[in-house]
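Worksheet for the structure shown next.
Nothing in this text is a laboratory measurement; each read-out follows from the coordinates by a stated rule. Because the structure is a prediction, the values reported are computed rather than measured. Cβ atoms come from the backbone with ideal geometry, glycine included; neighbour counts cover every protein chain shown.
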Amino acid sequence: MELQAPREFISAYMWIFLGVGIGAALLSGIVIFWPSAPAVQHSCYTTAGLTCSSAALAAYSQGSVFLASFRDSINAKVAMYGDPLTVYPYQNSSVNYTGNCFPQIVTGGQSFLCTVYMRGYAPQSGILADPRFNLNYTICGSVCTSNKTGYTISGSSLLTTGLPLPEAENLTQVS
């Protein structure tokens with residue numbers, strides 16, 4: 001009679017113990033064996049001035065392309081002339097690539113996209129890169145001209161390299 005109470009307890013709650021055990025085993029297997037995705041999302045950061053909202057480094061047939069989306073957070077009319085964005089793909093490197101932004105003139109709060117084609121630069125796919133960049137811009141008065149005082153913001157981006165982007169060649173004219 002003394003063994004009947006533990007036996008009844010085990011038989012009554014066996015399904016709960018079994019369910020918790022199977023759930024723990026499945027969760028452990030998922031955590032250990034699930035293919036890992038990049039832990040860092042594509043992001044970019046700037047010093048004071050215009051805000052960088054996102055960035056990507058993609059592969060195309062002749063190298064790679066760096067895309068960065070900025071927003072005019074200074075609430076003024078801003079112009080980007082010439083080759084306003086310069087990207088340094090390697091830290092502490094003198095190698096740089098320049099690119100264009102569209103639209104060239106934005107007003108407070110508007111976003112614009114900068115594209116830099118890095119012909120011949122094809123980093124190993126899947127590695128985490130931290131390209132540095134400088135963005136040159138001018139704050140306009142009533143008229144935007146390229147001979148006004150220019151400003152430069154610096155920034156960096158944290159992203160996974162080599163993402164396929166077949167349409168990259170169609171974004172702007174490759175020179």
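A few remarks follow.
- Close amide H pairs (under 5 Å, H built 1.01 Å from N) link CYS140 with LYS77, VAL78, ALA79, residues at least 5 positions away or on another chain.
- For the stretch 43-165, the convex hull drawn through the C-alpha positions has a volume of 97 cubic angstrom per residue.
- Each residue of the stretch 99-109 is assigned a 3J(HN,Hα), and the resulting list reads x, 10, 10, 9, x, 6, 10, 10, 10, x, x Hz, derived from the Karplus form 6.51 cos²θ - 1.76 cosθ + 1.60 (θ = phi - 60°), x at Gly and Pro.
- Using the average count of surrounding beta-carbon atoms within 10 Å as a protection proxy, the listed peptides 53-64, 123-134 rank, highest first, as 53-64, 123-134.
- Each residue of the stretch 71-84 was assigned a 3J(HN,Hα) from its phi angle through the Karplus curve 6.51 cos²θ - 1.76 cosθ + 1.60 (θ = phi - 60°); the sequence is 10, 6, 9, 8, 6, 9, 6, 10, 10, 10, 10, x, 10, x Hz, with glycine and proline shown as x.
- Cβ charges +1 (Lys, Arg) and -1 (Asp, Glu), total dipole of the stretch 43-165, debye: 120
- Phi-derived couplings, Karplus 6.51 cos²θ - 1.76 cosθ + 1.60 at θ = phi - 60°, listed residue by residue for the stretch 128-141: 8, 10, 9, x, 9, 8, 10, 10, 9, 8, 10, 8, 8, x Hz, with x used for Gly and Pro.
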